[in-house]
Amino acid sequence: MSENKASNQMWGGRFASGPAAIMEAINASIGFDQKLYAQDIRGSIAHSEMLAQTGIISTDDQKKIAHGLNTILSEIEAGTFEFSARLEDIHMNVEARLADLIGPSAGRLHTARSRNDQVALDFRLWVKEEMQRVAVALERLIEAFLDRAQQHAATVMPGFTHLQTAQPVTFGHHCMAYVEMFARDLSRVRDAIARADESPLGAAALAGTGFPIDRHMTAKALGFREPTRNSIDSVSDRDFALEFLSLAAICATHLSRLAEEIVIWSTPQFGFIRLSDQFSTGSSIMPQKKNPDAAELVRAKTGRVNGHLIALLTVMKGLPLAYSKDMQEDKEAVFDAAETLDLMLAAMTGMVSDMTVNEAAMKKAAGSGYSTATDLADWLVREAGLPFREAHHVTGRAVALAESRKVGLEKLSLDELQAIDSRIDGSIFDVLSVNASVKSRSSFGGTAPQEVRRQIRYWRKRLKRGA
C-alpha cells in the first residue's frame, strides 16, 4: 500500500489530503463570518480615512482603498464575489480581493490594526445593529398587546395560580402583564446597546499601536459613543455577545410562556381564543383538528436560544487574556440565536394581532372554581369587621356549602349565608359577581378596567417617547 493511500485511509474521505485539509476545515470561518461583510468593509473604510487624516497613509492610497472596498461591497451584494475557504475568514477574503483590484495600495490598509481588533469591531457592530432590530420588533409586539388590552380592558376571564382558577381578572389586564414582561426585555436590549457602544478598533493585536492613530475619529465615524479604554480587554471581550444571548434567552422564555398559554387557550376545553389558518395547521389524518403550530414552534425554539447562551458561556469560561482562536466559535451561536429570535418575535406579534377572542367562554370560565371567594372574605373584613383569618374560615364554609349544592357563591341565599355567619347582609351580593369583583380591584396595577386603561395610557406615552 502506498504512503499516500494509507494517509487517505487514516484521514477519511472528507479529508482525503490529510492534516492540511483538516486544518483548513477547522480553521476556516468564512462559511459563517461572511455575514459580517458589510461591517468589515465599513470598518475598513473608516480605518483608512483615519490613516489618511493622521498622515499614516497618503490620500491617494486612501481613495484607492475606499473605491476598491465599495466595489467589493457591490460584488458581494450582487452575488458575484467568490469566497474562498483557503483565505480563512471574511477579513482575508476582502483584503485579497482588494489587492486584485488596486494592487500594492491594498497592503497599506492593515497598518495599525490586527485581525483581533478587526473581528472584535465587525462582530460588535453586527450585534449592536441586531439589538436595534430586536428593539423595534419588541416595540411592535408591545403595541400589539396594547391594542388587545384596549379592546378587552373590561373582558372578564379567570386569573390562574397553579393553573387553577384563582380570581377573576380582565383579558386586558392579562395582556398588560405581557407588556410589562416584554418592556423589561426592551429595557435590557437598550441597556446592552449602551454597553456595547464602544469601538475596539485601534487596540490592534492586544497592546495598541505605535502609530499616531485617532481612535476617537474612527469610533465617531462608526457610530460609537467612544473607543474602548483597554487594548487587552478590547480584543478579548465578548460580553456584548453574551449579553445579547442572555437577553435573547430571557425574551425567548417570555415568548415561550405566552406560546404555552396560546396553546392552552386554543384547546376546545378552554376555547378562549382561536387562531386563523395563517398561524395554524391541520392534521394529516384527523380532519377536525386545527393545531396552533406557530405557538408550539415558538415554544420549542426557546431551547435553541438557551442552548446558544450556554455554549458561548462555556467557550469563554476558561480563556486567558487576550485573544484566543476559541472565540471564532462565538459567531454561529449569535447568528442563529438572532435569526431564531427575530422569527419568534415576528410570529408572536402576528398571533397576538390575529387571534379571535371568545369573550363568552372567558366570562363563563371566570366564574368557575368559586373565583369570587376572596371577594367574600374581603367583604367580611371590610364591612363586618372580621379579622382576615376568621373571614377566611367563614368563606371556606360558604364555598363548601356552594360546592355541596353544586352552585356558585352568588347563587346561595342570604339565609344560607347568614346561617354561616349572622353578620352577613344583603350587600354581600354586590361583590360576588365576576364583573363586580374585577371592578373592585382598583388598586394601582390592579385588574379594574379603569386601572387597566390607565396603564395602557402610561405605556403608550412611554413607548412614544422611547423610554
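The values are calculated or read from the model by the stated rules, or taken from the named source; none is laboratory data. This structure is a prediction, so every number in the text was calculated from the model and none was measured. Note that each Cβ is placed from the backbone with ideal geometry, even for glycine, and that neighbours are counted across all protein chains shown. The protein model used for the area step is the full one, side chains on, heavy atoms only, and it has no ligands, DNA or RNA in it. Shrake-Rupley method; radii C 1.70, N 1.55, O 1.52, S 1.80 Å.
General remarks:
- Matching residues in region 317-354 - criterion: being among the hydroxyl-bearing types (Ser, Thr, Tyr) and farther than 30 Å from ARG148 by Cβ: TYR323, SER324
- Failed condition for ASP117, given (1) buried (at least 23 other Cβ atoms within 10 Å of the Cβ); (2) charged (D, E, K, R); (3) part of a loop (DSSP other than H, G, I, E, B): (3)
- Scanning region 427-467 for residues being assigned to a helix (DSSP H, G or I) and either at pLDDT 90 or above or open to solvent by 40 Å² or more (accessible area, probe 1.4 Å) (or both) gives a total of 23.
- Filter pass, ASP375 being out of contact with any Pro (no Cβ under 6 Å at 6 or more places or on another chain), buried (at least 21 other Cβ atoms within 10 Å of the Cβ) and of a type in the set (Asp, Glu): yes
- Filtered by the rule that a residue be on the phi < 0 side of the Ramachandran plot and open to solvent by 20 Å² or more (accessible area, probe 1.4 Å), region 88-104 gives MET92, GLU95, ALA96, ARG97, ALA99, ASP100, LEU101, ILE102, PRO104.
- Whichever residue in region 344-369 is open to solvent by 10 Å² or more (accessible area, probe 1.4 Å), touching a strand residue (DSSP E or B) at 6+ places or on another chain (Cβ under 8 Å) and assigned to a helix (DSSP H, G or I) and, among such residues, is nearest to ILE26 (Cα to Cα): ALA365
- Of the candidates LEU409, LEU401, LEU343, LEU414, the single residue that is among the aliphatic types (A, V, I, L, M), over 23 Å from HIS173 (Cα atoms) and in contact with a Ser or Thr (Cβ under 9 Å, 6 or more places away or on another chain) is LEU409.
- Enumeration of residues in region 204-230 that are open to solvent by 30 Å² or more (accessible area, probe 1.4 Å), more than 25 Å from SER58 (Cβ to Cβ) and of a type outside the set (Lys, Arg): LEU206, ALA207, GLY223, GLU226, ASN230
- Hits in region 186-197 (condition: free of Cβ contacts under 8 Å to residues at least 60 places away in the same chain and open to solvent by 30 Å² or more (accessible area, probe 1.4 Å)): SER187, ARG190, ASP191, ALA194, ARG195
- Filtered residues of region 86-143 (kept if basic (Lys, Arg) and more than 35 Å from the chain's Cα centre (by Cα)): ARG86, ARG97, ARG108
- Residue in region 207-230 that is of a type in the set (S, T, N, Q) and within 30 Å of VAL352 (Cβ to Cβ) present: no
- With respect to the conditions (1) part of a helix (DSSP H, G or I); (2) in contact with a strand residue (DSSP E or B) (Cβ under 9 Å, 6 or more places away or on another chain); (3) among the hydrophobic types (A, V, I, L, M, F, W, C), ALA153 falls short on a single one, namely (1).
- Being assigned to a helix (DSSP H, G or I), farther than 30 Å from VAL399 by Cα, at pLDDT 95 or above and touching a Ser or Thr at 6+ places or on another chain (Cβ under 9 Å) is true of ALA192.
- Residues satisfying the stated conditions in region 144-158, i.e. surrounded by fewer than 20 Cβ atoms within 10 Å (Cβ to Cβ) and more than 25 Å from the chain's Cα centre (by Cα): GLN151, ALA154
- Test for ALA85: is it of a type in the set (Gly, Ala, Ser), assigned by the TED database to the domain that holds ASP33 and either under 26 Å from VAL334 (Cβ atoms) or surrounded by 21 or more Cβ atoms within 10 Å (Cβ to Cβ) (or both): yes
- Count - residues of region 378-414 that are of a type in the set (Gly, Ala, Ser) and part of a helix (DSSP H, G or I): 6
So that you can scan it fast, the table gives a plain yes or no per residue for (1) in a helix (DSSP H, G or I); (2) open to solvent by 10 Å² or more (accessible area, probe 1.4 Å):
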position	(1), (2)
VAL305	yes, no
ILE310	yes, yes
PRO320	no, yes
TYR323	no, yes
ASP342	yes, yes
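- Selection from region 290-303 of residues that are among the aliphatic types (A, V, I, L, M) and open to solvent by less than 40 Å² (accessible area, probe 1.4 Å): ALA294, ALA295, VAL298
- Inclusion of PHE32 among residues that are over 22 Å from GLY223 (Cα atoms), aromatic (Phe, Trp, Tyr) and either at pLDDT 95 or above or not in a helix (DSSP H, G or I) (or both) is not warranted.
- Given (1) surrounded by fewer than 24 Cβ atoms within 10 Å (Cβ to Cβ); (2) touching a Phe, Trp or Tyr at 6+ places or on another chain (Cβ under 6 Å), number of the condition ARG124 does not satisfy: (1)
- Within region 42-63, the set of residues being of a type in the set (A, V, I, L, M) and more than 15 Å from LYS220 (Cβ to Cβ) comprises LEU51, ALA52, ILE56, ILE57.
- Verdict on LEU125 being in contact with a strand residue (DSSP E or B) (Cβ under 7 Å, 6 or more places away or on another chain) and assigned by the TED database to the domain that holds GLN328: no
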